[in-house]
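Worksheet for the structure shown next.
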Amino acid sequence: MKNKPLAAVFVAAGAAVTACGSGGGNAGSDAEGDSTTTVKVGVLPLADYSPVYWAKDKGLFEKHGLDVKLEPLQGGPVGVQKVVTGELQFSFANSISTTIAAAKGAPVQTVALGSSLGKGSNNIYVEADSPIKTLVDLDGRTVGTNTLSNVGDVAFANLAKSKGINAKPDWIEVPFPEMIPGVQNGSIEAGYVPEPFATSARQAGLREIVELVQGPNEALPVTTFVTSTQYAKSEPEVVQKFAVTMNEARAQIAANEDEFRSWLPKATGTDPAAAKEMKLPLFDVELDHAGMQRIADVLIGLHLIEGNYKVDDHIITTKD
């Protein structure tokens, strides 16, 4: 089943906010006199977004005066819609979809990174006996990706462009848990699979044909957390506390990889065997204007947003 385009979700949610005159405001604040602020955060149990689980589990949010309630969600569009309507104060997202939506007027601000793309963590797989051998062979083939205009198809197009290759797969939206079975039963000819599903794909005998995180895609700051523009304006101190905490969580994870791999299965439900060998995203990074401009430049180069997009209008860093 195909998803509603994320940009349309954002714009529709923004219109709803305008109509009801509420964007969350102080909905997440505790009673006067209590120094702890309660916020709800939309989450997805993947390693890329694990700093938010780490921060809660290790008491970092509490240390910075935040009482964080995690709300598991099925996908980013739902989380961002809830942020815009004020049901959540923050939610996971990705910088590609969010930038496209923001360019079309969605009232959201990126406030923290989950991680950046790590080498070997995002690949395309086929059956072991597939005639598809290279990136070029994917031209016109049915390839699964979780959501269109997202990491899989955009990273592929950016990589192909950098190599001077004109390959255009027929992208089909497939949930990540259904990607490997889809390749195996032939409903799709290839599938875009990030970690930890990539490790599962290798264990299932699928063959990797394209590593997407190379060249211009290396270390792209893709996994993010967002809030609504209205909440960012009304609660700037809370936004800063959230961002500072996420920075601290990423730094701790980057400095303690073995502990992180042991902790990950309990926190996110990742298979313990996959957690031991999976390619990790990059955690030793912070949200900054230069990194988000890289995302914008990729999207401008692929004609997915206009060239006059201003990154500074859509992100808030701890240095702003």
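When the residues of region 70-125 are filtered to those that are of a type in the set (Ser, Thr, Tyr) and outside any helix (DSSP H, G or I), the one that is most open to solvent (accessible area, probe 1.4 Å) is Thr85. Taken together, the residues in region 255-286 that are farther than 21 Å from Ala198 by Cα and crowded, with 16+ Cβ neighbours inside 10 Å amount to 2. The set of residues in region 36-52 being open to solvent by less than 30 Å² (accessible area, probe 1.4 Å) and either free of Cβ contacts under 8 Å to residues at least 12 places away in the same chain or touching a helix residue (DSSP H, G or I) at 6+ places or on another chain (Cβ under 9 Å) (or both) consists of Thr37, Val39, Val41, Gly42, Val43, Leu46, Ala47, Tyr49, Ser50, Pro51, Val52.
The rows are residues; the columns are (1) of a type in the set (Asp, Glu); (2) assigned to a loop (DSSP other than H, G, I, E, B); (3) in contact with a Phe, Trp or Tyr (Cβ under 6 Å, 6 or more places away or on another chain).
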{"site": "Ala160", "(1), (2), (3)": "no, no, no"}
{"site": "Trp171", "(1), (2), (3)": "no, no, no"}
{"site": "Glu178", "(1), (2), (3)": "yes, no, no"}
{"site": "Ile188", "(1), (2), (3)": "no, yes, no"}
{"site": "Tyr192", "(1), (2), (3)": "no, no, no"}
{"site": "Thr199", "(1), (2), (3)": "no, no, no"}
{"site": "Ile209", "(1), (2), (3)": "no, no, no"}
{"site": "Pro221", "(1), (2), (3)": "no, yes, no"}
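Checking every residue in region 247-259 against the condition of being assigned to a helix (DSSP H, G or I) and at pLDDT below 95 gives zero matches. Taking the criterion of being under 19 Å from the mean Cα position of the chain (by Cα) and either crowded, with 23+ Cβ neighbours inside 10 Å or among the small types (Gly, Ala, Ser) (or both), the residues of region 198-219 that qualify are Ala198, Leu212, Val213, Ala219. Residue pairs whose Cβ atoms lie under 8 Å apart, sitting 6 or more positions apart in sequence or on different chains, and linking a residue in region 152-170 that is touching a residue at least 24 places away in the same chain (Cβ under 8 Å) to a partner that is open to solvent by 10 Å² or more (accessible area, probe 1.4 Å) and hydroxyl-bearing (Ser, Thr, Tyr), are Pro169/Thr142; Asp170/Thr142. Of the residues making up region 223-235, those that are touching a residue at least 24 places away in the same chain (Cβ under 8 Å), more than 30 Å from Val143 (Cβ to Cβ) and outside any loop (DSSP other than H, G, I, E, B) are Thr227, Ser228, Thr229, Gln230, Tyr231, Ala232, Ser234.
For region 141-158, taking the residues that are in a helix (DSSP H, G or I), farther than 13 Å from Ser97 by Cβ and hydrophobic (A, V, I, L, M, F, W, C), the one that is most open to solvent (accessible area, probe 1.4 Å) is identified as Ala157.
Inside region 42-97, residues that are among the basic types (Lys, Arg) and farther than 18 Å from Glu248 by Cα make up a count of 2.
The values are calculated or read from the model by the stated rules, or taken from the named source; none is laboratory data. What you see is a predicted model; the values in this text were computed from it and never measured. FYI the Cβ positions are ideal-geometry reconstructions off the backbone, even for glycines, and counts take in every protein chain you see. Quick note on the areas: whole protein, heavy atoms, side chains included, nothing else; ligands and nucleic acids left out. Shrake-Rupley method; radii C 1.70, N 1.55, O 1.52, S 1.80 Å.
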